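J.: Here it is, the structure in full.
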Amino acid sequence: MTGGLPPDLKELSKKRIVVLSLDEADATALDKSRRGGRRFSKNFPHDEVGEVAKNALAIILTENAPTLAVGLISSKSATSTFETRVVFDHVKSVVGPRYNRLLNAINAPSLRRRRDDMRDLEPGLHSFSPKLGLAFLMQLAASEEALGALRSIATLIQRPGRITDARALQDDAVRLAIKAFGGSNEASHLALNEGGATALGTVRLLEDAVIEHDARSISGLRLADSDLTGRARFEGRDRALEVLTANKRPLEELFGVDLIYLNRRRGSIVMVQYKMLERGTSRKRSVKSGSSTVQVDDGHDWLLRVDEQLEDEIARMKRFDRDMSPSGPYRLNAGAFFLKFMRRNAEAKSAGFLVSLDHFERLRAENKLAGPRGGIRLSYRELDGHYLRSGGFAELVQSGYVGTRGATTAHLQALIERTLSGGHAAVVAIESALTSPA
């Protein structure tokens, strides 16, 4: 029955849609709160919560107010013997559609009784039946005023759970950029893109960390500005970070990378190319046990496919892998390029590991990681700890201990800025020193 619903909204119909009816006192209190009602929590009797589920769509009504709002139920948890706390997040007012008019447009005979039961709701939490909820969602999605807000919420709950495709890699790239600035990616979502499913629309960008005491710290970082194109600016006491989605095609053709991190404070640029590892066969080795020999399972190989695309990407990286200012600021590694390896179908929260382009090329030249059919075998055991985890890499980027310097940085920065002309696939993070106002 989801045929009349846009494909990117179908995820919203999989859980019961909830209606929260607020009295005027609660609505006034929300307007005066620090978040202005964009995120709030409320306690309800257990039996009132009923089948309410996390990541369900919420319709929020205010007594005697003509407009409605939509939001996402981000969590629910028992707070006492008698009550459950429900958190409503990413709440956006929708000007145009009226709740009762949307209900009136549902004319199916089988839904009329349930439809009438959802009129004139008392303050509290109410749930649509699955069929009535779908019918209401279809009516709401037909409104251009509501469509953008619904798509924003749908994007949030479609974040990939496993590393299966380029979108999952991009999601990791954005989180790595936030981590490299000293932030955490574990607080609540911040949707930045109303119209498309970009990773920047789903990554946990920690807007709440500076507002709620119990959120994880982002070291004084606050969200200074965001817009609907997939761009956000964060500021700390002496630094700023821009995270944005950029036009992948020219950036990829130029550098062969997925993530660009520009640390203006340190005058360094670091670029990361993501590569997917495919699962290989189980590996066995012989181990002596007393007078006999037994076969021990060493786990599965993880293989990197060496193909024309990889060779082309590396060739493009090498074109720009030059230190034009060797006497500039100190670097442990003055190269710009790193490769991050992610195992296909691994959980999206798995960290993967990184090696510099120079290290990767040396391993290839020494033939230490030769795999079947011309591929490369990569495993934690084979590398024996000789790689970087995301956390350690992020600290090196943030401190400016790795990356380009001097003329190299200026040259690459000019190329990057000329190339940023839209699109949504390569991820760029730009950190800078904040200057005092004149």
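J.: Less than 15 Å Cβ to Cβ from Thr62, Lys/Arg counted +1 and Asp/Glu -1: what total charge do the surrounding residues give?
T.: That works out to -2.
J.: So, one more: May I ask you to evaluate 6.51 cos²θ - 1.76 cosθ + 1.60, the Karplus curve with θ = phi - 60°, for each residue of the stretch 135-152 and list the ³J(HN,Hα) values in order in whole Hz, giving x for glycine and proline?
T.: 4, 5, 4, 5, 5, 5, 5, 6, 8, 4, 5, 8, 4, x, 5, 5, 5, 4
J.: Pop the C-beta distance of Asp358 and Lys14 into the FRET formula with R0 = 45 Å and round what comes out to the nearest 0.05.
T.: E(calc), rounded to 0.05, equals 0.45.
J.: Can I ask one more? Can you pick out the pairs among Lys42/Lys131; Lys92/Lys179; Lys10/Lys54; Lys10/Lys32; Lys10/Lys42 whose Cα atoms lie more than 23 Å from each other?
T.: Lys42/Lys131; Lys92/Lys179; Lys10/Lys32; Lys10/Lys42
J.: Further question: What ranking do 126-135, 356-365, 24-33 get when scored by the average of other Cβ atoms within 10 Å per residue, highest first?
T.: 126-135, 356-365, 24-33
J.: In whole Hz, with x marking every Gly and Pro, tabulate ³J(HN,Hα) for the stretch 73-89 from phi via Karplus 6.51 cos²θ - 1.76 cosθ + 1.60, θ = phi - 60°.
T.: 7, 8, 6, 8, 7, 5, 10, 7, 4, 10, 10, 10, 8, 10, 9, 9, 10
J.: Oh, and also: Got the relative contact order for the stretch 1-116 handy, in percent, Cα pairs under 8 Å and 6 or more residues apart?
T.: Reported as a whole number, the value is 24 percent.
J.: Using only the Cα atoms of the stretch 70-146, build the gyration tensor, take square roots of its eigenvalues as a ≥ b ≥ c, and label the shape rounded, prolate or oblate: rounded if a/c is under 1.5, else prolate if a/b is larger than b/c, else oblate.
T.: Oblate is the answer for the stretch 70-146, as a/c is 1.5 or above yet b/c matches or exceeds a/b.
J.: Pop a pseudo-label 7 angstrom from the Cα along the beta-carbon direction at both Lys54 and Ala108 and give the gap in nm to one decimal.
T.: Between Lys54 and Ala108, the simple spin-label model gives 3.0 nm.
J.: Can I ask one more? From the backbone phi of the stretch 399-408, what are the Karplus-calculated ³J(HN,Hα) couplings (6.51 cos²θ - 1.76 cosθ + 1.60, θ = phi - 60°) in whole Hz, Gly and Pro given as x?
T.: So the Karplus estimates, Gly and Pro as x, are 7, x, 6, 10, x, 6, 8, x, 5, 4 Hz.
We did not get these values from a lab; they are worked out from the coordinates using the rules stated. All figures in this text were calculated on a predicted structure; none of them were measured in a lab. Reconstructed Cβ throughout: ideal geometry from the backbone, glycine too, with neighbour counts over all protein chains shown.
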